[in-house]
Amino acid sequence: MIKRLELEDFGKFRKTSLVFGPFTLVTGPNEAGKTTVFDALFDALCAGSKHEGRPLWKNMAARYGAIRRSSVVWEDGFAPLQFGDNEFLEIFAIRGGELSVKHPENKGASSWAEAAENALLNSGLNPARLAAGLRDKAESARKGSIQARLHRLKEAITDKGPMIAALRSERDAVLAGAQTAAGLAAERERRAAALELKNSELAQLGAKVEELSSAARLAAAIEGINTLRDLKEAREEAAALAAYASSELPAYRALKHTQSEMEKAEASAAAALAEKRSALDAAQKAAAELSAKAGQLQPRGEMALVLADKLAAFAAEPGKVTRVLNTRLRFGLWAGGLALAALVAYSGAGAVAYAAAAAILGAAGWAGFKLAFTQTMVPRGPGEEAAFLAGVAATWSTVCEAPLPKQGVEDARNYLARARADQEAAAEAAEAKVSEVEFLIASASSAEADLEDRARRARKAAAEADKWLKARACATEDEYQAKLAEYKARAARCADMEQRLAVFLRRNNCSAEKELKDKLHTEKESIERRGIGPEQANGPELERLKHAQALLAQEVRELEAALNKVASELETAKAVSGVRLGGLPERINLAETELEAEKAELAELELQAQACLLAAGVFDRLGESSLLAFEELGKEVSSVLQAVLPAASAEFRVFEAAGAAVTDATGLRRPVRNLSSGTRDLFMLAARLAIARRSRLGQAGPAPALLLLDEPFYTLDQARTRLALLLLAAFHKNTGWQIIILTKDPGVAAEAARLDGVKATEVALEPPKPL
């Protein structure tokens, strides 16, 4: 059993391994390589009978090349099988629509010779009837028969002999001096021979021109097919870049301009903010310095204000005010108050009176202390102003190291006024600078807000530009421009290939691409079947041969003209001689021609009679031995057919397909020609299986073999397909032969998977890639 088919280099397959099982289905659509698998199996299994000179192997070399490599790996312990090429193709390979046995190249004995006698089953021959007909044809003397025609021809030949002799004597006497006609006849023969030679050369050259023309057409067809495939790819690539058919760069650049303007505005705002922050820092530093200075001068100013007030008060007083006690007044006030209090207390004689008396005593005591003094102005002395200024100077020294002038009160007051003015100026300057700082802080905050707003706008503009690129699947403007350029290149390639396609359409008289594709594939396959490859195409050589062919054709025409001229002259000479001879040569030629024709016909009829008698004897012997062959063949076909039609039996009475019959379960016997097409195909498949088994039948049973079926069910419906699979499964179980089925119908594999007792293996081939 074949375990694996190795396709190192065979057709479309390279380094491919296909694993087979006992019951294998190789599936795949058209052009997937099923025919290549069939041919690879044939090439490997029939390698022993390979002969590259035979048409069968020539076709293989033309289709796949002389250096093709395929081999089979057999199951461990299984003896490898070898087949003759005819044996394999006609017995063990069953192809769709070819259920009959054929022997197109059977030149000698082979292991399948036992099956040859069954070939007549499909040839429409009846040996007994043919023997009788042939014998009657050879021996009958009725009108129009071979014997009657032989008798007539013998009499005619006997009569024509003396007549032709007399005519020749008369002609020879007349034509003794007719040398011109003889010379012209020789010249005509010479020129005819030269013309025939040139025509032969022209035919050979024409064959070579046709071969090179076919190779050129094949190369053009392959170029057209490649152009269609490349055009499809180019169209798909251009369609994938259709979004870049027209440039939208102005819109993107407008976005980038907006982004640039926003970024410039952001940079300007950042610069303005930095300037404001710098001014703020300087102002804050100056304000701190001024505040520190004002803080240092504030105690001086306050002290200057206090001391200035003292100096003003001192300068405003004319002298020193002195209080003088009036003793008589004090005691008089106290005595009067006491008397009045006593009077009130005595008069009232109650708490209120006592309280009033106490209040009177208190008021009299306070008046005695306060009203008993009087103030008197006393002029200052010489040292009093100096002492006062010294005290003020001492107080001033507590807040300022600079000494207070002591020349006079006015100098001191002027000095303190300047100190107070310096302190107020410093305070005003510090306050003004603080106001400036507050303004700059507000201005910087405004600048920060403006910067943030401009930065936000710049980011938004950048985001919009990025979004525009991302919407077109680009990261940069350069990438977008590259895709625009790529689309232009793809579109230009499409346009170029469209022009090339238009040339192919005009050249092949096609109006649509599909029509062109079908036509190119048909022409390619037709030329390749003749064993011609595109590598043989040679334009210069073809042109040279065409030129040579034209020259040779001109020579042929010239030779034909010369030959016609000589023939015309010869006919003229003959006509002249004919006038003198009175038409004698024509009569002789006619009689000789008729005599030769009658002799040839006589010989042919005698051979026909002998052949008919010999064939009749052969068919007699074949008819005598056919009954046993018919009976054995019927049993074998019935045993195979009963795997799916249990009650059916087959029988053969004559060597004609129409004479075969099938008996069904009801006992009804029906000729094969009256069966339905599906049942008839099942019957013929069973007959093929029986013939295959018989070809390997020995004393110990059928020898190991295999069956290779290529699309065997394409004419069957689903029900008949299942029956055919059951038929093959039963045959597989009974013989142990490996079954390999090639089919494009995926339903066959599904049906095979449901067969009982059979493990189906599916080998799925990849579909061809579209152009």
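See the values below:
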quantity: Elements of type strands (runs of 3 or more DSSP E) contained in the range 674-771, each with 1 or more residues being small (G, A, S), open to solvent by 40 Å² or more (accessible area, probe 1.4 Å) and at pLDDT 90 or above; calculated: 760-764
quantity: Those residues of the range 15-56 which are open to solvent by 30 Å² or more (accessible area, probe 1.4 Å) and among the hydrophobic types (A, V, I, L, M, F, W, C), in sequence order; calculated: V19, A47, L56
quantity: Identity of the residue in the range 131-152, in a helix (DSSP H, G or I) and in contact with a Lys or Arg (Cβ under 8 Å, 6 or more places away or on another chain), that ends up surrounded by the fewest Cβ atoms within 10 Å (Cβ to Cβ); calculated: A148
quantity: Number of the exception - A485 against (1) of a type in the set (A, V, I, L, M); (2) open to solvent by less than 50 Å² (accessible area, probe 1.4 Å); (3) at pLDDT 90 or above; calculated: (2)
quantity: Among the candidates A178, A156, A138, residue that is more than 60 Å from the chain's Cα centre (by Cα), at pLDDT below 80 and over 30 Å from L563 (Cα atoms); calculated: A138
quantity: Check on E452, under 60 Å from the mean Cα position of the chain (by Cα) and under 29 Å from K264 (Cα atoms); calculated: yes
quantity: Residue match in the range 266-276 (condition: of a type outside the set (S, T, Y), surrounded by 12 or more Cβ atoms within 10 Å (Cβ to Cβ) and over 60 Å from the mean Cα position of the chain (by Cα)); calculated: yes
quantity: K34 being in contact (Cβ under 8 Å) with a residue 60 or more places away in the chain and among the basic types (K, R); calculated: yes
quantity: Given (1) open to solvent by 50 Å² or more (accessible area, probe 1.4 Å); (2) outside any helix (DSSP H, G or I); (3) of a type in the set (G, A, S), index of the condition A402 fails; calculated: (1)
quantity: Of residues in the range 31-57 being assigned to a helix (DSSP H, G or I) and closer than 8 Å to D85 by Cβ, the one farthest from the chain's Cα centre (by Cα); calculated: S49
quantity: Filter result for A421 (more than 28 Å from L307 (Cβ to Cβ), without any contact (Cβ under 8 Å) to a residue 24 or more places away in the chain and part of a helix (DSSP H, G or I)); calculated: no
quantity: Any pair with Cβ under 8 angstrom, 6 or more apart, that starts in the range 629-643 at a residue that is more than 18 Å from R680 (Cβ to Cβ) and open to solvent by 50 Å² or more (accessible area, probe 1.4 Å) and ends at one that is at pLDDT 70 or above and assigned to a helix (DSSP H, G or I); calculated: S639/A690
quantity: Residue check for R454: touching a Gly at 6+ places or on another chain (Cβ under 9 Å), touching a residue at least 24 places away in the same chain (Cβ under 8 Å) and open to solvent by less than 80 Å² (accessible area, probe 1.4 Å); calculated: no
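The values are calculated or read from the model by the stated rules, or taken from the named source; none is laboratory data. Computed from a predicted model, the values in this text were never measured in an experiment. With ideal geometry, Cβ positions are generated from the backbone for all residues, glycine too; neighbour counts draw on all protein chains shown. SASA here: full protein model, heavy atoms, side chains in, ligands and nucleic acids out. Shrake-Rupley method; radii C 1.70, N 1.55, O 1.52, S 1.80 Å.
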